[in-house]
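Engineer: Before we start, here is the structure in question, set down as structure tokens.
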Ligand code: HXC
């Protein structure tokens with residue numbers, strides 16, 4: 001589908017994407033660059049970060065978002081080398097399927113640290129490096145924030161925390177900064193899909209629940225991020241946008257179950 005956004009929409013803008021070395025986050029970074037923004041991406045692995053950055057003409061940065069000082073130093077580089085940041089995306093995440101009784105305290109903490117504490121670190125560390133007023137911050141969250149899911153206690157807790165952090169920051173940092181979240185559904189070709197729906201049978205069960213009757217595409221999450229950072233969303237802050245084909249609304253497979261009854 002052709003994008004409604006003009007090709008120079010983000011000319012002169014500076015964007016920073018934490019976790020931007022693969023998947024949805026790299027898709028967002030690539031789209032911002034395509035629209036003219038100067039982009040920096042942050043990952044844990046220097047070679048992977050450099051290769052991803054080279055592919056989209058971005059600045060590669062290495063840090064673990066669990067480390068506040070290292071994350072802050074990376075964002076200082078962005079400000080010094082590219083300029084004050086207009087857009088900050090916090091998307092670094094960790095996940096695995098495990099029941100609570102199969103999860104050590106450290107396993108739970110690892111995901112909460114990457115997702116929730118990482119998002120706190122990115123947002124807390126960026127404020128005085130932003131181009132104000134008018135900066136837009138986006139956290140990548142998930143439906144687990146609002147719908148409990150077995151084998152996902154760590155992600156449910158972390159993402160719920162992210163949603164509330166988004167809302168609090170929107171209140172504290174408005175009107176200079178807008179803070180929102182994007183909650184992607186099952187997106188084809190991502191590590192999240194591979195981890196959460198690792199086999200055909202699990203994928204079929206997830207698929208049946210989707211109202212849109214298809215997997216999402218990375219580009220569709222990127223377009224939502226572009227919109228949130230555009231002037232068209234100037235009055236949007238403190239909200240979480242589901243870009244998920246209706247996955248969080250309910251279970252669309254009920255439609256098939258009920259066929260013939262009405
Ligand atoms: C139970 C597990 C486990 C598993 C790891 N652990 N995998 N426990 N079942 N499958 C435990 C370890 O034994 C350890 O506990 C603790 O978790 C930390 O593991 P480490 O490997 O030491 O930590 P670390 O190297 O920091 O790795 C973090 C990680 C890893 C989250 C465990 O998977 C990771 O780095 N992931 C990053 C990439 C990623 O997950 N991407 C997918 C994102 S998908 P002990 O007690 O032994 O020390 C996504 C979209 C989903 O987020 C949307 C829904 C939220």
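Engineer: On the basis of being away from the ligand (no atom under 11 Å from the Cβ) and either within 25 Å of residue 173 (Cα to Cα) or surrounded by fewer than 23 Cβ atoms within 10 Å (Cβ to Cβ) (or both), does residue 97 make the cut?
Structural biologist: no
Engineer: Still on this structure, please answer the following. Can you say whether residue 71 is without any contact (Cβ under 8 Å) to a residue 24 or more places away in the chain, within 16 Å of residue 114 (Cβ to Cβ) and in contact with a helix residue (DSSP H, G or I) (Cβ under 7 Å, 6 or more places away or on another chain), as far as the supplied structure shows?
Structural biologist: It is false that residue 71 is without any contact (Cβ under 8 Å) to a residue 24 or more places away in the chain, within 16 Å of residue 114 (Cβ to Cβ) and in contact with a helix residue (DSSP H, G or I) (Cβ under 7 Å, 6 or more places away or on another chain).
Conditions (1) within 15 Å of the ligand (Cβ to nearest atom); (2) closer than 20 Å to residue 218 by Cβ; (3) in contact with a strand residue (DSSP E or B) (Cβ under 7 Å, 6 or more places away or on another chain); (4) assigned to a helix (DSSP H, G or I), marked per residue:
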{"site": "107", "(1), (2), (3), (4)": "yes, no, no, yes"}
{"site": "149", "(1), (2), (3), (4)": "yes, no, no, no"}
{"site": "183", "(1), (2), (3), (4)": "yes, yes, yes, no"}
{"site": "194", "(1), (2), (3), (4)": "yes, yes, no, yes"}
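Engineer: Something else: Would you call residue 89 in contact with a strand residue (DSSP E or B) (Cβ under 6 Å, 6 or more places away or on another chain), outside any loop (DSSP other than H, G, I, E, B) and modelled with pLDDT of 95 or more? Before the answer, list the steps.
Structural biologist: Details: in contact with a strand residue (DSSP E or B) (Cβ under 6 Å, 6 or more places away or on another chain): yes; outside any loop (DSSP other than H, G, I, E, B): yes; modelled with pLDDT of 95 or more: yes.
Yes, satisfied.
Engineer: If you check residue 116 against the conditions, is it more than 16 Å from the ligand (Cβ to nearest atom), closer than 30 Å to residue 235 by Cα and crowded, with 18+ Cβ neighbours inside 10 Å?
Structural biologist: Spelling it out, it is not the case that residue 116 is more than 16 Å from the ligand (Cβ to nearest atom), closer than 30 Å to residue 235 by Cα and crowded, with 18+ Cβ neighbours inside 10 Å.
Engineer: If you don't mind, there's one more thing I want to ask. Of the residues in the range 238-256, how many are at pLDDT 95 or above and not in a strand (DSSP E or B)?
Structural biologist: Taking the range 238-256 first, the residues at pLDDT 95 or above are 238-246.
Next, only the ones that are not in a strand (DSSP E or B) stay: 238-239, 244-246.
Going through the range 238-256 one residue at a time, the tally reaches 5.
Engineer: To continue, here is another question. Within the range 206-218, does at least one residue satisfy the condition of being within 19 Å of residue 18 (Cα to Cα), in contact with a helix residue (DSSP H, G or I) (Cβ under 9 Å, 6 or more places away or on another chain) and at pLDDT 95 or above?
Structural biologist: Looking through the range 206-218, at least one residue is within 19 Å of residue 18 (Cα to Cα), in contact with a helix residue (DSSP H, G or I) (Cβ under 9 Å, 6 or more places away or on another chain) and at pLDDT 95 or above.
Engineer: If you don't mind, there's one more thing I want to ask. Among (1) in contact with a strand residue (DSSP E or B) (Cβ under 9 Å, 6 or more places away or on another chain); (2) at pLDDT 95 or above, there is one condition residue 153 misses while meeting the rest; what is its number?
Structural biologist: Of everything listed in (1) in contact with a strand residue (DSSP E or B) (Cβ under 9 Å, 6 or more places away or on another chain); (2) at pLDDT 95 or above, residue 153 misses just condition (1).
Engineer: Go through the range 43-65 and report how many residues are part of a loop (DSSP other than H, G, I, E, B) and either crowded, with 19+ Cβ neighbours inside 10 Å or out of contact with any helix residue (DSSP H, G or I) (no Cβ under 6 Å at 6 or more places or on another chain) (or both).
Structural biologist: The qualifying residues number 6.
The values are calculated or read from the model by the stated rules, or taken from the named source; none is laboratory data. These numbers were taken from a predicted model, which means no experiment stands behind them. Cβ atoms come from the backbone with ideal geometry, glycine included; neighbour counts cover every protein chain shown.
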